[in-house]
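These notes are about the structure you will find just below.
What follows is calculated from the coordinates using simple rules that are stated; it is not laboratory data. From a predicted model like this one, the values you see are computed outputs, not experimental measurements. All Cβ positions, even for glycine, are placed from backbone atoms using ideal geometry, and neighbour counts span all protein chains on display.
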Amino acid sequence: MTAASTADLCARPLARVSGSDLQVPLVQGGNRTYVNFDCAASAPALRQVTERIETLLPLYSSVHRGAGYASRVSTDCYEKARTSVAGFVGASEDQVVVFTRNTTDSLNLLAGCVPCSTVILDIEHHANLLPWNNSRVVRAADTLSETIRRLVAELCSKPTALLAVTGASNVTGEVLPIAALAEVAHRCGARILVDAAQLAPHRRINLAASGVDYLAFSGHKLYAPFGAGVLVGRRDWLDAADPYLAGGGAAGNVTVDSVQWAPAPARHEGGTPNVLGAAALAAACDALSELDFGRVAEHEAALTARILEGLGSVDGLQFLRLWPDVPDTVGIVTFTIDGFEPGEVAVYLSAEHGIGVRDGRFCAHPLLERLGRPDGAVRVSLGLGSCSEDVDRLVDAVRTLVNGNRTWIYAKEGAQWNPVPETRFSSDALV
């Protein structure tokens, strides 16, 4: 591929996202168009998502058992959202879609359904590290191939119900071979759960084809920031477990002495559900289903290469990676700069250049420790709205910082870095 064709791949965003023309104030005065490189935390809503919600808002009503027109429409929208999600991830016939608040909620729900021990890696986001009962933690090796070998050995060493792994690291963007891991888990008599919070927005997933038993992801990372997530998975464990939330909607019949619980998904959706969140998530799934994910991968790869090339020559800058033999990465670049704390870099990029990134340990403390960065790093995460102009602004801003040409003073107050003085905010900034 020529340099010109690579540049063409990332010259324009792949999709329209809300906030693409947002103007943000700079501490030195004036405004700039906001560059959102924090999509791994929460991605901006696709325009199709906001348009569907605007259509549904006048009809918003509690779902199920309502005779009113608005309730019937909302119920139909809510239940059809399951179909959109199932189609988006290629769910098989024996897999159900349970709506939750987010990925963390989904994983905690499933943790209560697992009949015996779970095997996890030490590189996981806390959402896939902390919820599991009777978990056995495998230390990831310095190569992906050796890590898989270690997983096989642990899975086969004693009875295991579930292997729970990330689809793509929220720190390094490295993608795990989920189909191969599913085959390994099944061969050892276990099932597999994939935390797809970072994978689903970037790569096509097909549960039936890959053999994945359970999948969890969040709407707010999938261009639908309305507080909904999903757990998609095999019915038997979900039907056998106690309800995640005991209450209205989870029960088929109740007396003062007994209760007959409903089957999944209702069994685990007690209380009034987030209708707008489910509708937004479904709208995102519908919109993303129309995309060519091969084109998405090419777009990300071109932008990532541009970042690596641009920042690679900056003195004292180191990129964070775990495995040299990983075949694929999503659009996440994480780095540190000698002489600068991650929070200092992040607030500078925001205050003087209108660029949003994430700093810290990314709810993956053991992995940052493994990578030799216990104090954190700076994460740049790409999305469908990213383009080469955004990358060039980032690279120029980082070079300006390292070359000693920033224009403002920054001070640390407690754990947080701030510009001094802070000129951007006032009490009426969010009217």
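Give the Rg/Rh ratio for the chain, taking Rg as the radius of gyration of the Cα atoms and Rh as the Kirkwood radius, to two decimals.
Checking Rg against Rh, the ratio lands at 0.99.
Please give the helix 275-289 orientation as an angle from the longest Cα principal axis of the chain, in degrees from 0 to 90, rounded to the nearest 10.
The two axes meet at around 70 degrees.
Considering Cα pairs under 8 angstrom that are at least six residues apart, work out the relative contact order of region 103-231 and quote it in whole percent.
Relative contact order comes out at 24 percent.
Residue-wise, which Karplus ³J(HN,Hα) couplings in Hz belong to region 38-55, taking 6.51 cos²θ - 1.76 cosθ + 1.60, θ = phi - 60°, and x for glycine or proline?
10, 5, 5, 7, 8, 8, x, 5, 5, 4, 4, 5, 5, 5, 5, 5, 4, 5
What residue among Leu291, Leu121, Leu382 shows peak mean-square fluctuation when the chain is described by a Gaussian network model with Cα springs under 10 Å?
Ranking Leu291, Leu121, Leu382 by mean-square fluctuation puts Leu291 first.
For region 24-99, rounded, prolate or oblate, judged on the Cα gyration tensor with a ≥ b ≥ c (square roots of eigenvalues), a/c < 1.5 rounded, else prolate if a/b > b/c?
oblate
Count charges around Arg379 for me, please; just the other residues with Cβ under 12 Å from its Cβ, Lys/Arg as +1, Asp/Glu as -1.
Here the charged neighbours net out to +1.
Of all the stretches in the chain, which is the longest one without any exposed loop site, taking GluC sites (Glu not before Pro) in a DSSP loop (any state but H, G, I, E, B) with at most 10 other Cβ atoms within 10 Å?
No qualifying site falls inside 94-289, the longest such stretch.
Looking at region 48-289, send over the antiparallel percent of its DSSP beta bridges, to the nearest 5.
Antiparallel bridges: around 50 percent, rounded to the nearest 5.
GNM, the chain, Cα, under 10 Å: largest mean-square fluctuation among Ala302, Ala182, Ala251?
Ala251
May I ask for the net charge around Val357, where only other residues with Cβ less than 10 Å from the Cβ of Val357 are counted and Lys, Arg are +1 while Asp, Glu are -1?
The answer is 0.
When a/c is below 1.5 the answer is rounded, else prolate if a/b is larger than b/c, else oblate, so apply that to region 352-431 with a ≥ b ≥ c taken from the square roots of the Cα gyration tensor eigenvalues.
Rounded, since a/c falls under 1.5.
I need the peptides 135-145, 272-282 ranked by packing, meaning the mean over residues of other C-beta atoms within 10 angstrom, with the highest value on top.
272-282, 135-145
Of Ile332, Ile355, Ile409, which has the largest mean-square fluctuation in a 10 Å C-alpha GNM of the chain?
Of the options given, Ile409 has the highest mean-square fluctuation.
Quick one: check the C-alpha center-to-center distance for region 305-384 versus region 26-58, whole angstrom.
22
Using the Cα gyration tensor of region 48-289, with a ≥ b ≥ c the square roots of its eigenvalues, what is the shape: rounded (a/c below 1.5), prolate (a/b larger than b/c) or oblate (neither)?
Oblate.
Enumerate the calculated ³J(HN,Hα) couplings along region 133-149 in order (Karplus 6.51 cos²θ - 1.76 cosθ + 1.60, θ = phi - 60°), each rounded to whole Hz, writing x wherever the residue is Gly or Pro.
7, 6, 7, 10, 9, 9, 7, 5, 7, 7, 10, 5, 4, 6, 4, 5, 4
What relative contact order, as a whole-number percentage, does the chain give when Cα pairs under 8 Å and 6 or more residues apart are counted?
24
Convert 10 °C to kelvin, take the viscosity as 1.306 mPa s, use the Kirkwood radius over C-alpha pairs of region 53-161 as Rh, and evaluate the Stokes-Einstein diffusion coefficient in µm²/s, rounded to a whole number.
For the chosen part, D equals 92 µm²/s.
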